[in-house]
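Okay, so here's the structure we're looking at.
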């Protein structure tokens, strides 16, 4: 697939990366201004780690339905290449990830059978292990080909990735896997009211976990 697919980017943080930078891809029902991505980007900025957010083509076109898988994959690859260019880093120094669908496609291009992208690590925010109501069809075909470190940040009430199911599925990944579980949070990081926590509290925790992990990856 050729041609410019991604037309909207948002760089945040230092103008020049020191030794790592992060790609943040949005979920199916959101865009690059999603609250979780902004929270993580802000925390990364505070840690002097640049990040790049982008809109998939369907969002730039004002559509709600995601693009076809081939377009989503190609756009993710294009955005990763853009990050490498802007950060002036080799692809091996980039952390690729994002929320839900965006994170999943980052993991797919890194674990692709043909032309896999190198990466420093994968940041999975609410990884969608399966489609809504279809736990019998886990999205894990590419997991055995992933050899880089992976961080999963998921809520304990995530209906698209139960704690036991995600933990077991991730055993197929050959890279080091780390989990950060947000108590009572759902797929959108919304906690139960009974927990006494707000969504902002949860997003602060998500951002801290993500930033701490990215900063701690090997030099």
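How many of the residues in the stretch 36-48 are touching a helix residue (DSSP H, G or I) at 6+ places or on another chain (Cβ under 6 Å) and surrounded by fewer than 24 Cβ atoms within 10 Å (Cβ to Cβ)?
Selection size over the stretch 36-48: 3.
Name the one entry in 199, 178, 204 that is within 14 Å of residue 151 (Cα to Cα) and out of contact with any helix residue (DSSP H, G or I) (no Cβ under 6 Å at 6 or more places or on another chain).
Of 199, 178, 204, the one residue that is within 14 Å of residue 151 (Cα to Cα) and out of contact with any helix residue (DSSP H, G or I) (no Cβ under 6 Å at 6 or more places or on another chain) is 178.
Picking from 73, 82, which residue would you name as being in contact with a helix residue (DSSP H, G or I) (Cβ under 7 Å, 6 or more places away or on another chain), within 16 Å of residue 6 (Cα to Cα) and surrounded by fewer than 19 Cβ atoms within 10 Å (Cβ to Cβ)?
Numbers: 82 fails: in contact with a helix residue (DSSP H, G or I) (Cβ under 7 Å, 6 or more places away or on another chain).
Every option except 73 fails the conditions.
Kindly list the number of the only condition in (1) modelled with pLDDT under 95; (2) crowded, with 17+ Cβ neighbours inside 10 Å; (3) more than 18 Å from residue 213 (Cβ to Cβ) that fails for residue 15.
So the condition that residue 15 fails would be (2).
Mind checking which residues of the stretch 2-13 are closer than 24 Å to residue 118 by Cβ, in contact with a strand residue (DSSP E or B) (Cβ under 9 Å, 6 or more places away or on another chain) and not in a strand (DSSP E or B)?
Result: 6, 13.
The values are calculated or read from the model by the stated rules, or taken from the named source; none is laboratory data. Keep in mind that this is a model prediction, so the values were computed, not measured. Ideal geometry is used to build each Cβ from the backbone, glycine not excepted, and the neighbour counts take in all protein chains shown.
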